[in-house]
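Since the structure comes first, as structure tokens, the remarks are kept for the end.
The values are calculated or read from the model by the stated rules, or taken from the named source; none is laboratory data. Predicted, not measured: the structure shown is a model, and the values here were computed from it. Here the Cβ is made from the backbone with ideal geometry for all residues, glycine too, and neighbour counts use every protein chain on show. When the accessible area is computed, the model is the full protein with side chains, heavy atoms only, and any ligands, DNA or RNA have been set aside. Shrake-Rupley method; radii C 1.70, N 1.55, O 1.52, S 1.80 Å.
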Amino acid sequence: MREPLIDQDPTDRLLLRSTRVVTPDGERPAAVAVEGGVITAVLRHDAPVPAGARLTDLGDDVLLPGLVDTHVHINDPGRTEWEGFATATAAAVAGGVTTVVDMPLNSIPPTTATAHLDVKRDAARGRVHADTGFWGGAVPGNTADLRPLHDAGVFGFKCFLLPSGVDEFPPLDPAGLHAALAELTRFDGLLIAHAEDPGIIGAAPQRSGRSYADFLASRPRAAEDRAVADLIALARRLGARVHILHLSSAGALPLLAAARREGVRITVETCPHFLTLTAEEVPDGATEFKCCPPIREAENQDALWQALAGGLIDCVVSDHSPSTVDLKHRETGDFAAAWGGISSLQLGLPAVWTEARRRGHTLADVARWMSAGPARLAGLAATKGAIAEGRDADFAVLAPEQTFTVDPALLRHRNPVTAYAGRTLYGVVRATWLRGRVVARGGAVTGEPAGRLIERPAGGR
Ligand SMILES: [Zn+2]
């Protein structure tokens, strides 16, 4: 086993002291004791340094739980010119993300059978800077593969209801969706769904060209709202667990609220770009802003923030979905032709914090949305997503009032395209710790890949 070239031994005893430690009970001055890569106690700020322990005093920098990003397209193997395990996870840790869960599509093979999962794990092994897990995929004809994939440790199963963008990951039709979800209920597996209705999208005007308004009209809110309603109905009927990916339309929020009140087992995420960018400000031809579902209007965004504040939206995750620069078709600016996906793995924390701060939210809120929430979704809450005794010593050290201007050339993901280029954001990630080791400092990774390949915990759902 390769040992990372960093200055801490994982068995070292550490004490991290900050006037601003974000715990599940809120932010307070504290000292966090670590041994063997695990948090052993959260102590008073002035607690004495334990015998043999090394003190790291962070002053007034904020100690946050490492972020858990359950929505990352790493595309490796198969489309490694788009992204890869080394580059994606380097971007993750540079941005304070210590755990990622890889989506089952855009890699070749897609993660739709255990043999494919083995290929993915072989590609990732020894190359990841963050702890890395895998979602499986539910596609036409692989119902019999779902149980073996679950047993092999995937965290749940992604499906599409309309074309995904890549031919090797086709959508489920209503009968296929029913069959897959019925199979998942046999072992209480989790379905994670791209919720846009193909009929409504098919009936919407599909115009190519540089107009963002035309692109937005081609992916109406009603398509999301209908798909969410159908998924709620199916989850209710089958008693199944369903998670709505990358919710953009605020129109679906009342449906989700009602379903929750009723006890339907449904959760929902949204993404930094839906919370921080608006349709009104997307320049025509600026295809780096294209994603599906799309970035919508400012009043829609306000409703998403209200749902986040009220606890209806469970988590905020990146949907980091890069491609090569040429596939964004910047020279023509044609939204219809461009690859849909926004690269933001390294920027999610400052992007969300900048807007959260402006709206009067705290870093404890951000940690709930970007660490604890996704950890719970993935069944990882016993080890990840909180600064609390028994959790992995995964931390992001943030200077929250320091600003920076996004230069895509300085980001660690493979292709220097991002919708955040040129924006000034609050919150500089000074350092990232993974299981008691510094894995990034000042935006650069500090050693050999120290991440582990992780599985859905036994007994964890
Ligand atoms: Zn995605």
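Brief remarks on what is shown
- Radius, Kirkwood style, for region 67-377 when every pair of distinct Cα atoms is counted (Å): 19.3 Å
- Here region 61-189 was treated as a single set of alpha-carbon atoms; its pair distances binned every 5 Å from 0 give 2, 11, 21, 22, 18, 13, 8, 4, 1, 0, 0 percent.
- P(r), alpha carbons of region 226-267 - 10 Å bins starting at zero, rounded %: 32, 62, 6
- Cα-only radius of gyration and Dmax that characterise region 217-328, units Å: 14.7, 47
- Paired Rg and Dmax values of region 353-407, which use every Cα atom, in angstrom: 13.1, 38
- Per-peptide average of other Cβ atoms within 10 Å, ordering 380-387, 322-329 highest first: 380-387, 322-329
- Taking the centroid of alpha carbons for each part, region 33-67 and region 112-131 are 32 Å apart.
- Taking 0.36 nm per residue of separation and subtracting the current Cα-Cα distance, fully stretching the chain between Val325 and Glu280 would add 13.8 nm.
- Region 1-158, relative contact order in percent, only Cα pairs under 8 angstrom and at least six apart counted: 17 percent
- Once the Cβ-Cβ distance of Ala298 and Ala53 is raised to the sixth power relative to R0 = 51 Å, the FRET efficiency obtained is 0.55.
- Computed from the C-beta positions of Arg186 and Asp60 and an R0 of 56 Å, the FRET efficiency is 0.60 to the nearest 0.05.
- The local environment of His71, defined by Cβ-Cβ distances under 9 Å, has a net charge of -3 under the rule Lys, Arg +1 and Asp, Glu -1.
- Rounded if a/c under 1.5, otherwise prolate or oblate - region 80-143, Cα gyration tensor axes: prolate
- Relative counts (whole %) of C-alpha pair distances in region 137-281, using bins that are 5 Å wide: 2, 9, 18, 21, 20, 14, 9, 5, 2, 0
- Whole-number percent relative contact order across region 90-172, with pairs defined as alpha carbons under 8 Å at least 6 apart: 32 percent
- You can think of it this way: the chain between Asp214 and Ala233 has 3.7 nm of extra reach, that is 0.36 nm per residue less the Cα-Cα gap.
- Close amide-amide hydrogen proximity is noted between Val268 and Ile244, Asp314, Cys315, each under 5 Å apart and 5 or more residues distant or on a separate chain (H modeled in the peptide plane; Pro and chain starts excluded).
- Residue-count net charge about Gly137 - beta-carbon cut-off 13 Å; Lys, Arg +1, Asp, Glu -1: -1
- Rounded Å value of the spacing that divides the Cα centres of region 275-305 and region 310-344: 11 Å
- Whole-number percent relative contact order across the chain, with pairs defined as alpha carbons under 8 Å at least 6 apart: 23 percent
- For region 67-377, accessible area per residue (1.4 Å probe, heavy atoms of protein chains only), Å²: 30 Å²
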